[in-house]
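Okay, structure first, notes after.
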Amino acid sequence: MKFLSYEQITWVLQTSVVIFFGIGLLSLLFLGIRIRYFQKSLNKWMKENRRLSKDPVLDHIIRTCKYYNEKGQGEINTEAVIKSNYYKQKIFLIPIYYWEQLISKSEILSLFLGLLGTFILVHGEIDDAFYPLILSTGAFIVLVLLETVFSLQEKRRILFTQLEEYLDNSYLPSLNKTPVASEILKEEKIEPLYIYDKIPAQKETKDGEGNELKDKEIEWIIKQFYGEEKKSINL
């Protein structure tokens, strides 16, 4: 009877190890896909210089920073805006920070449950008492290796830093810039380019009028001269 109870407890513990191992794998998979999609949307948004991206979380971060910038309440804490919006999202109704914790918790619980199963079998003097520990150790090693290879926490930190740097040094300063050239054009009355052709034309007109006056004066003088000459001949 004791043998059956020990075996049943060990079986439950082994099943729990497999379940936690599966949860750890799912957490790595979901978080990896989420970070990958977020990174892809961010790179596309920065490259194409769009108003918004196609990622709902990234779009909400952009709108929030833009809203605070328009209110003009001083320096914006972009790091806080990024983290608060990122951790509000859920995957299958579970907040994303729970998924991040499930990875490390699955590793620890898998190893602990396997160790507990081996202890129970040793205490019951059952043969092959170490197979629960071997199973749990294998699950623990696989999860740790995958977590190290994917480095999701480091990727997330780099992603946050990249987004924060772009918002602070590129996006928000571009919103604060005023179109200086257009404002100057509005204030000043800018003549068309052919205004420069008007000046010589006006000059030529004035010169023409001056020449015309000179011609009339010369004509009048000539008439007076010939008139006086005719008078002297008649005399």
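To the nearest µm²/s, what D does Stokes-Einstein give for the stretch 125-173 at 10 °C and 1.306 mPa s, using the Kirkwood radius over alpha carbon pairs as Rh? Spell out each step's value before the answer.
Values: Rh = 14.2 Å.
The calculation lands on 112 µm²/s.
Taking the Cα centroid of the stretch 1-44 and of the stretch 72-108, what is the distance between the two, rounded to the nearest whole Å?
20 Å
From the backbone phi of the stretch 82-91, what are the Karplus-calculated ³J(HN,Hα) couplings (6.51 cos²θ - 1.76 cosθ + 1.60, θ = phi - 60°) in whole Hz, Gly and Pro given as x?
Running phi through 6.51 cos²θ - 1.76 cosθ + 1.60 with θ = phi - 60° gives 5, 5, 5, 6, 5, 7, 7, 6, 10, 10 Hz.
Given H placed on each backbone N at 1.01 Å, which residues far from Ile91 in sequence or on other chains put an amide H within less than 5 Å of it?
Amide H neighbours of Ile91: Ile96.
With Rg and the Kirkwood Rh both taken from Cα atoms, where does Rg over Rh land for the stretch 1-122?
Rounded to two decimals, Rg over Rh is 1.25.
Return the carbon/sulfur percentage of the accessible area of the stretch 23-144, one whole number, probe 1.4 Å, all protein chains in place.
62 percent
Is there a pair in Lys71/Lys177; Lys40/Lys66; Lys54/Lys177; Lys40/Lys155; Lys83/Lys155; Lys47/Lys71 whose C-alpha atoms are over 23 Å apart, and which pairs would that be?
Violating the 23 Å limit, Cα to Cα: Lys54/Lys177; Lys47/Lys71.
Give the accessible surface of the stretch 20-73 per residue, rounded to a whole number of Å², with probe radius 1.4 Å and ligands, DNA and RNA excluded.
Heavy-atom SASA per residue in the stretch 20-73 reads 61 Å².
With only alpha-carbon pairs counted, each pair once and no self-pairs, how large is the Kirkwood hydrodynamic radius of the stretch 1-47 in angstroms?
Computed over the stretch 1-47, the radius equals 13.6 Å.
Taking 2.2 N^0.38 Å as the expected size of a compact globular protein, what ratio does the Cα radius of gyration of the stretch 74-172 give against it, to two decimals?
Working: Rg = 20.7 Å, N = 99, 2.2 N^0.38 = 12.6 Å.
Ratio of Rg to 2.2 N^0.38 Å for the stretch 74-172: 1.64.
Could you pull the Cα extents of the stretch 63-122 along its three principal axes, largest to smallest, in whole Å?
So the extents along the principal axes, rounded to whole Å, are 68, 23, 9.
With a 1.4 Å probe and every protein chain left in place, work out the accessible area per residue of the stretch 81-181 in Å², rounded to a whole number.
Working: 6100 Å² over 101 residues.
Per residue, the stretch 81-181 has an accessible area of 60 Å².
The values are calculated or read from the model by the stated rules, or taken from the named source; none is laboratory data. Computed from a predicted model, the values in this text were never measured in an experiment. The protein model used for the area step is the full one, side chains on, heavy atoms only, and it has no ligands, DNA or RNA in it. Shrake-Rupley method; radii C 1.70, N 1.55, O 1.52, S 1.80 Å.
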